[in-house]
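Structure record follows, encoded as structure tokens.
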Amino acid sequence: MSRLTGWWVGRSSAAKVELYTRWTFHFFAPLEIVALAGIPLSAASSSALRPGIAAALLLICCAHAVLCAVFASRALDWTVGKRGRPVRLATALAAGTAVLDLTVLALHTASAVDDPSVGVGLATALSAFGAGTLLLGLRRVRHMLYAVLTAACATGAAVAAFGLGAPTAIGSGVGVLLGAGGFGTASGFSSWLLGIVGELERSRDLKARLAVAEERLRFGRDLHDVMGRNLSVIALKSELAVQLARRGRPEAVDQMTEVQRIARQSQREVRDVVRGYREADLRVELEGARGVLGAAGIACAIGPVADGLPERVQAALGWVVRETTTNVLRHGDASRCTISLAGEDGSVLLTVENDGVGEDFVMGNGSGLAGLRERLAAVDGTLRAGPEAGGTFRVTATVPVPRKGSKA
């Protein structure tokens, strides 16, 4: 049973709707043959139509049904975006329907068909099926209405032109209007539904790809922020341990022990990044900045931290402290660094300033500051960074804080 149903269960929702719609329109081909063939066959059985003429009319019905089925398949391909609009095939279907209608009416005029209901009924049905199928190649409702009205008027005019009388012509036109209108409504709705489901499927696929891309950006940003400072500290302390070891100082062991601790901490943080659980803590990052900068011989002054800041705000500001500390160690030649927090008009303002900017300083376009802007944007915050007067470099992060949570 699983093999019998697997071909259906394994399809997406859009594929199921497309398959169902296609086979529905494929079913219309034998339905048209059965419905229209009944007209000449019933006439032939009652001796109102010669067998040869009945066979010819039956072939006309089959040819028209096949043409409608081919056009419906190509039009559905166009609806789901697999090929272009079948304009030539639509023209062939319209012209073929007109030719077959005229052929049937001409047979009646030539007395090959004695019963007028056979010729008129067959011409009306052919026009209704043809016009209804043609609507699959149209998108706008206005154009669909024009197509149905044109088919109804053309069929009525053809019946009148063959001298079958105004009442018969009007009846034929109304028949085409009702038949093509009903069939066309179903065709138009099916085409619209298939297009909407396909668009939803494409939107879902796009959303999934964007989610993957966003996760990759998050991973890269977090990995940069986590490993950037730790590797800088490891390099700094390793260099310090080498110098102490060359002098025979026992403090070298302490420095390498600290390197070992930071390396293990980095392993834990990388695992947390992979799992997506890690968040920076503002107070921990501030203490870490004080210790790291102090070990590098950079005087670090940190102002008081306000209580009651939301966790998301603290996490965002913690990443700012971590990244700016890494930049001070890696890019600058600073002797002092000041980190301060202040409340300002319903927001908290974090300022990190150091004096490591030389005369030949050039502002870079690294991924660190870009990652910080992304993190701050998630909490409606902003970031400004750049050199200031007096050879200093200042990074300012501003994050809005709800009134009830802000005590700064």
### Message
Rg and Dmax in Å for region 280-408, alpha carbons only: what are they?
### Response
14.0, 46
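In the neighborhood of Cys61, defined by Cβ-to-Cβ distances under 13 Å, what is the net charge if each Lys or Arg adds +1 and each Asp or Glu adds -1? Could the numbers behind the result be given before it?
Numbers: positive: none; negative: Glu32, Asp101.
Summing Lys and Arg as +1 and Asp and Glu as -1 gives -2.
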### Task
Pick out, from Gly220, Thr257, Leu200, the residue whose Cα sits farthest towards the positive end of the charge dipole of region 196-264, with +1 on the Cβ of Lys and Arg and -1 on the Cβ of Asp and Glu.
Thr257
### Query
What FRET efficiency comes out for the pair Ala55/Arg202, r = Cβ-Cβ distance, R0 = 45 Å, nearest 0.05?
0.40
### Summary
Under Stokes-Einstein, region 136-192 at 20 °C and 1.002 mPa s, with its Kirkwood radius over C-alpha pairs, diffuses with a coefficient in µm²/s of 183 µm²/s
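Grab the beta carbon distance between Ala35 and Arg139, set R0 = 30 Å, and tell me the FRET efficiency rounded to 0.05.
Working: r = 28 Å, r/R0 = 0.93.
Taking R0 as 30 Å, the efficiency between Ala35 and Arg139 is 0.60.
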### Task
Show me 174-182, 312-320, 87-95, 386-394 ranked by packing, highest mean number of other Cβ atoms within 10 Å first.
312-320, 174-182, 87-95, 386-394
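Each reported figure results from applying straightforward, stated rules to the coordinates on display, with no laboratory input. Note that this is a predicted model, so its numbers are computed, not measured. So basically every Cβ, Gly included, is an ideal-geometry build from the backbone, and we count neighbours across all protein chains shown.
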